[in-house]
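Comments concern the structure below.
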Amino acid sequence: MGRRPSQEKTENAQKKTESSKRAGQRDNRLPIKVSGGLFAVLFALLIGYLGHFVATSEQDMINNSYNSRQKLLLSENYRGTIYSRDGEVLAQTVKDSTQNEIREYPYANLFSHIVGYSTQGRMGVEDLCNYYLINSNISLNSKVANDIAGNKNPGNNVYTTLDVKLQELADQQLGIYKGAVVVTEVPTGKILAMVSHPDFDPNEIEVIWDSLLEDDSSSVLLNRATQGYYPPGSTFKIVTALEYIRQNPDTYGAYSFSCPGYYRHGDDRINCYHGTSHGRVDFESSFAKSCNSSFANIGMTLDREKFGETLDELLFGRELPLDLRYSESKAEVSPDTPDWEMMQVSIGQGKTEITPIHLNMITCAIANDGILMEPYVVDRIESAEGNVIKTYQPKEYGALMTEEEARILREMMTAVVEKGTATRLSGQSYTAAGKTGSAEYNNVKGDSHAWFTGFAPAEDPQVCVTIIVEGAGSGGDYAVPMARRLFDGYFREKGEL
Amino acid sequence: MQQYIIELSKYGITICMVMYTLLSFLGLFRRDEKMTGFYAAQCVFTFLLQLLCFLHMALVSGNMEYVFFYLFAQVFLLVVAIMVPMIYEDVNRMLLGGMCMLLGVGLCMISRLSFDRAVRQYIIVLISLIISLLIPYMLSRFRFWKKMTWVYGLVGVFVLSAVLILSEVTHGSKITFTITVSVGQVTFQPSEFVKILFVFFLAGALWENASFGRVALTAAVAGLHVIILVLSRDLGSALIFFVGYVFMVFIATGNYLYLLLGAAGGSGAAYMAYRLFAHVQARVLAWRDPWTYLDDQSYAITQSLFAIGGGSWFGRGLLKGTPTDIPYVMEDFIFSSVCEELGAIFGICIIMVSLCLFFVMLKISSQIKDRFYQLIVYGIAIMYIFQVFLTIGGGTKLIPLTGVTLPFISYGGSSVMTSMIMFFIVQGIYMRLRQEGGKRGGKKTVSGKNGKRAEKDRKQ
């Protein structure tokens with residue numbers, strides 16, 4: 001088979017005759033190479049796609065409840081433990097007297113929505129970290145030892161950013177009211193507390209499940225903080241104000257309006273809260289006093305197309321950078337928006353709806369020089385032996401507004417506390433800033449949800465609080481004192497109070 | 001101890017496969033044909049891989065049946081790897097080794113999924129081997145291969161239409177004949193075998209004359225094949241035939257326009273099929289939005305994705321996953337079960353090895369002077385690699401699902417038999433090439449009777 005020197009001559013002779021023969025027929029080595037190349041590209045695509053799929057989707061695939069592989073994992077491992085940020089157990093799996101595995105929630109109702117449950121479907125952190133909780137990353141030696149002893153392997157543990165004391169405080173503030181509280185850390189986006197009322201006891205979830213499902217009126221299972229739709233009311237004036245600054249960067253300071261307690265445009269009329277007449281107001285005092293008439297007036301001057309773009313940038317009707325299950329807020333303005341609707345939108349009424357977490361994110365961005373930090377609740381995952389498997393770092397989503405716009409809004413929100421609707425927050429050792437809202441949800445007067453969203457300290461924001469109390473009345477009267485106690489609690493815990 | 005072996009064998013399996021794949025690619029770029037050590041290394045990895053897989057399964061299940069099956073499978077692979085080169089010393093070792101590797105993986109995976117079927121598959125593989133071994137001999141013994149062009153075409157069309165009209169409907173595709181023999185039921189998928197006839201038909205029709213008239217004539221016959229297959233709801237085969245046709249015309253004419261024309265015509269025909277047939281629409285719908293129709297049309301594809309995603313890079317380990325949740329896992333989704341239990345790295349290696357075999361066949365075809373045989377090798381290469389693309393792309397949701405088998409690995413007698421026959425046709429032609437010494441920078445000169453016969457053959 002090898003080349004033998006004696007045959008070279010004959011070979012060469014043969015080559016010649018062949019090449020002359022081939023002259024009749026085209027040489028098609030190139031087309032063959034081309035087709036090889038085509039398929040090489042096709043397969044590179046296939047391999048790239050497969051690799052990308054495997055690299056990105058393992059968790060989603062395991063978590064899908066149609067996937068029977070979860071059961072397989074749970075037959076090998078038992079569910080890991082969920083901890084608060086200071087190491088308190090929020091959920092763990094224990095064995096009862098008959099050696100059955102039971103999921104135990106030591107704080108009962110307190111973390112019902114955010115930590116969630118894992119039977120009857122899943123919710124909250126139990127859902128978010130299901131993949132890690134049911135996988136075990138202990139060493140091979142320990143696995144072997146467990147195998148010999150006939151024990152299951154412990155699943156990985158989840159350390160959350162949740163703060164038990166703040167969560168308790170937030171829970172107390174809401175008390176018997178329906179509503180939600182979100183407390184986040186401004187520079188990082190860590191969720192420190194998230195409460196939704198009414199709540200339930202996840203220890204009893206299997207027993208109470210049917211009654212929870214039957215009860216349509218109070219939607220106990222809904223995490224109002226991320227999925228609850230509320231009219232934003234006057235808190236939306238933050239958005240309207242931002243748009244006015246954008247469209248009148250040099251002249252917004254010169255704005256002035258004389259408020260008779262209402263604003264009329266054609267047959268449509270907007271009233272100030274309780275019909276109060278605010279007299280002559282400028283831009284800042286319109287905001288601080290939450291003058292509906294003035295803001296309806298401002299809204300009517302705005303370019304509706306640009307307003308629509310700003311709403312997009314602020315993530316209305318968009319996906320939020322949030323891993324928890326949430327609803328997308330609704331607010332729409334376009335050149336086709338009729339005048340009466342424009343007036344409604346400007347003061348956060350009408351069809352506009354927002355979730356508390358979204359309002360909290362906008363507030364955080366204002367507090368953080370316009371940059372939105374993605375809110376997150378899981379700090380790290382550790383194996384049962386304490387090896388860190390994954391840590392979650394603070395992550396910038398991007399700028400929702402410019403630094404200058406954020407600065408102006410911070411000043412205006414400080415004025416709300418100092419001389420506007422949130423004066424119950426003034427006179428503290430820290431300066432707070434924020435915006436109240438009293439969102440009417442029935443056309444009957446007096447039925448309103450109390451809103452507050454704000455941060456402290458105003459000069460160097462650390463913590464952001466968003467509160468909604470359903471049907472309580474005005475934000476200034478109900479939500480602001482709650483916010484004050486939460487700020488107090490936060491600074492007391494940090495030892496700054 | 002057992003636990004350690006089980007965990008470690010998982011990585012051992014991946015390493016063997018990766019090494020094998022690397023060697024395959026290295027082999028592509030070697031000019032020297034005599035690389036005994038090189039092939040020996042490939043063989044070692046093939047056998048080591050089998051050993052680890054079956055050891056793993058025996059340990060996990062405690063079932064000794066796996067050990068027996070392992071022994072049988074090894075005997076077979078040894079026979080192929082050692083005996084075949086002894087019978088035919090000019091056999092292409094790359095092609096032979098790759099086939100062994102894929103057959104081995106297939107037998108291992110099928111035995112994991114269903115032991116009874118693995119035994120059936122084993123028997124069919126044995127029969128196929130015996131048939132295949134005759135092929136190189138028949139290719140050189142008989143002279144009439146080039147004269148039968150219209151027979152190939154007519155028989156192909158006849159068989160396909162007979163199936164369409166006569167056979168029962170299975171899985172929504174009218175693609176099988178069920179013949180009841182005294183031993184039991186043998187299901188037989190004629191479209192697989194027609195592939196071979198189809199390649200021979202096109203090669204016969206185009207090798208000496210690739211004028212526009214000829215191309216149009218072959219287009220009519222090829223179109224008939226494709227239309228019958230689409231009517232039989234065998235979309236995967238229809239596509240394979242179509243792509244095979246386009247590429248073979250491209251090589252026969254050397255005209256790039258035919259590729260463009262094929263792409264345009266193919267897209268147009270696909271769109272027409274989409275508009276006309278509900279079963280095509282269902283496939284596309286299940287592909288575009290599988291999560292919405294999870295319970296229904298998309299059940300198979302989503303289960304396949306769960307399997308691949310759940311397996312991650314190194315797999316869950318043999319017998320540790322739940323691949324049987326996927327419908328038709330042994331036929332259409334064997335790749336997903338490989339990914340789940342042996343890992344995505346292993347799966348990617350399977351893809352690369354298949355691609356490598358394709359390149360080997362292309363290389364052979366580019367060395368052949370006789371246009372007829374060149375077209376046959378080329379056509380087989382294209383049909384093989386395109387089928388691999390269809391089944392893996394479908395199972396991973398890159399393209400809509402067409403339900404074709406993965407050659408050598410999937411369960412299915414017709415599929416494995418056809419694939420083996422095709423590979424041995426290539427082998428037979430390769431041996432001719434080497435015996436004629438017509439190979440570029442030839443290794444052997446024309447000698448004796450064989451050479452004269454080849455010379456004569458070329459003149460025909």
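What distance in nm separates the two pseudo spin-label positions at B:A278 and A:W340, each 7 Å out from Cα along the beta-carbon direction?
4.8
In terms of the Cα gyration tensor, with a ≥ b ≥ c the square roots of its eigenvalues, is chain B rounded because a/c is under 1.5, prolate because a/b exceeds b/c, or oblate?
oblate
Amide H of B:G315: which non-local residues (sequence gap of 5 or more, or other chain) have their own amide H closer than 5 Å, using H built in the peptide plane?
Result for B:G315 returns B:G343, B:A344.
Could you run the Karplus curve 6.51 cos²θ - 1.76 cosθ + 1.60 with θ = phi - 60° over the stretch A:486-495 and give me ³J(HN,Hα) per residue in whole Hz, x for Gly and Pro?
In residue order, the calculated couplings are 5, 4, 4, x, 4, 6, 5, 5, 7, x Hz.
Estimate the FRET efficiency between A:D282 and A:T391 by the formula 1/(1 + (r/R0)^6), using the beta-carbon distance for r and 51 Å for R0, to the nearest 0.05.
So the FRET efficiency works out to roughly 0.60.
Under 5 Å between amide hydrogens, which residues at least 5 positions from A:A91 or on another chain qualify, with H placed 1.01 Å from N in the peptide plane?
A:I82
Rounded to the nearest 500, what is the 222 nm mean residue ellipticity of chain B from helices alone, with -39500 (n - 2.57) per DSSP H run of 4+ residues and division by all residues?
Result for chain B, helices only: -24500 deg cm²/dmol.
Using DSSP to call loops (not H, G, I, E or B), can you name the chymotrypsin sites (Phe, Trp or Tyr not before Pro) in the stretch B:87-173 whose Cβ has at most 11 other Cβ atoms within 10 angstrom?
B:F142
If packing is taken as the average count of other Cβ atoms within 10 Å, what order do A:85-98, A:483-496, A:288-301 fall into, highest mean first?
Peptide ranking by packing, descending: A:288-301, A:483-496, A:85-98.
In whole percent, what relative contact order does the stretch A:83-200 give with Cα contacts below 8 Å and a gap of six or more residues?
Worked out over the stretch A:83-200, it gives 24 percent.
Give, as ranges by residue number, the residues of the stretch A:266-309 whose backbone N falls under 12 Å from the point 7 Å along Cα→Cβ of A:S256.
A:280-283
Restricting to Cα pairs below 8 Å that are 6+ residues apart, what does the relative contact order work out to for chain B? Please round to a whole percent.
With pairs under 8 Å counted, the relative contact order is 20 percent.
Based on the alpha-carbon set only, what is the convex hull volume of the protein assembly as shown divided per residue, in Å³?
223
Is the shape of chain A rounded, prolate or oblate, going by the alpha carbon gyration tensor and its root eigenvalues a ≥ b ≥ c, with a/c under 1.5 for rounded and a/b larger than b/c for prolate?
Since a/c reaches 1.5 but b/c is at least a/b, the shape of chain A is classed as oblate.
What is the projected area of the convex hull of the Cα atoms of the stretch B:1-144, averaged over all directions, in nm²?
It is 10.0 nm².
When the helix-only estimate is applied to chain A (DSSP H runs of n ≥ 4, each -39,500 (n - 2.57), divided by the residue count), what is the mean residue ellipticity at 222 nm, nearest 500 deg cm²/dmol?
-12000 deg cm²/dmol
What distance in nm lies between label points placed 7 Å from Cα along the C-beta direction at B:L26 and A:T402?
6.2
Kindly express, to the nearest 10 degrees and within the range 0 to 90, the angle between helix A:237-247's C-alpha long axis and the longest C-alpha principal axis of chain A.
Once rounded, one gets 80 degrees.
If one computes the Cα centroid of the stretch A:219-295 and of the stretch B:225-250, what distance in Å separates the two points?
If we compute the Cα centre of each part, the gap is 66 Å.
Exactly which GluC sites (Glu not before Pro) in the stretch A:430-488 are in a DSSP loop and have at most 14 other Cβ atoms within 10 Å?
A:E459
How crowded by other chains is B:243-250, given as the mean number of beta carbons from other chains within 10 Å of each beta carbon?
Whole-number average of other-chain Cβ neighbours for B:243-250 is 1.
Provide the per-residue ³J(HN,Hα) series for the stretch A:311-316, in order, calculated from phi with Karplus coefficients 6.51, -1.76, 1.60 and θ = phi - 60°, each as a whole number of Hz, with x at glycine and proline positions.
Per residue, the Karplus-derived 3J(HN,Hα) values read 4, 4, 4, 7, 6, 6 Hz.
Test of understanding: what is the full-extension gain from A:K306 to A:S97, defined as 0.36 nm times their sequence separation minus their Cα-Cα distance?
Going from the current span to full extension adds 68.8 nm.
Take every residue in peptide B:341-348, count the Cβ atoms of other chains within 10 Å of its Cβ, and give the average of those counts.
Shielding by partners across B:341-348 averages 3.
Which residue, chosen from A:L222, A:L425, A:S277, occupies the Cα position most advanced towards the positive end of the dipole of chain A, where the dipole is computed from +1 (Lys, Arg) and -1 (Asp, Glu) charges on Cβ about the Cα centre?
Farthest towards the positive end: A:L222.
Of all the stretches in chain B, which is the longest one without any exposed loop site, taking GluC sites (Glu not before Pro) in a DSSP loop (any state but H, G, I, E, B) with at most 16 other Cβ atoms within 10 Å?
It runs B:209-460.
Provide a whole-number value for the mean count of partner chain Cβ atoms within 10 Å of the Cβ atoms in peptide B:308-320.
4
Quick check on packing: order A:101-112, B:393-404 by the mean number of other C-beta atoms within 10 Å, highest mean leading.
B:393-404, A:101-112
Using the per-residue mean of other Cβ atoms lying within 10 Å as a proxy for protection, in what order, highest first, do the peptides A:332-344, B:346-358 fall?
B:346-358, A:332-344
Bear in mind these aren't lab numbers, they're just calculated from the coordinates by the rules spelled out. Not measured: the values here are computed from a predicted model. All Cβ positions, glycine included, derive from the backbone under ideal geometry; neighbour counts span all protein chains shown.
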